[in-house]
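A short write-up of the structure that comes next.
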Amino acid sequence: MQQVLADMAVSVSDLKKNPSAIVEQSQGAAVAVLNHNQVMAYLVPRAAYEALLDRLEDVELNAIANARLNDGQPLIKVSLDDL
């Protein structure tokens, strides 16, 4: 059995009838789009998609910062007065 990773699911035929209504009913959450009772796609509202991309960028930047922190080079302490 396939896992549905959304609180709301619609059939492809219902989505074709009125996509704007489906987005409104989702109240900003993702909607699973079903074809023959199998998830074929997820419909994600713009704000949720942008938030997802922002979060992904934060995770990637954090990974870069952690890699640089642990690169084996000695840390050099500098006071603000020295700058």
Please list 52-61, 16-25 highest first by mean number of surrounding beta-carbon atoms within 10 Å per residue. 16-25, 52-61
State the answer as a single residue: which of Ala9, Leu69, Ala51 lies farthest towards the positive end of the charge dipole of the chain, with beta carbon charges of +1 for Lys and Arg and -1 for Asp and Glu, about the Cα centre. Ala9
The chain - percent of accessible surface contributed by carbon and sulfur, probe 1.4 Å: 54
Given that just one value was derived from the coordinates, which of (i) 1.01; (ii) 1.34; (iii) 0.98 is Rg/Rh (Cα atoms, Kirkwood Rh)? (ii)
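The values are calculated or read from the model by the stated rules, or taken from the named source; none is laboratory data. Quick caveat: nothing in here was measured; it's all calculated off a predicted structure. Neighbour counts are summed over all protein chains in view; Cβ atoms, including those assigned to glycine, are modelled from backbone coordinates with ideal geometry. What goes into the accessible areas is simple: the full protein's heavy atoms, side chains included, and nothing from ligands, DNA or RNA. Shrake-Rupley method; radii C 1.70, N 1.55, O 1.52, S 1.80 Å.
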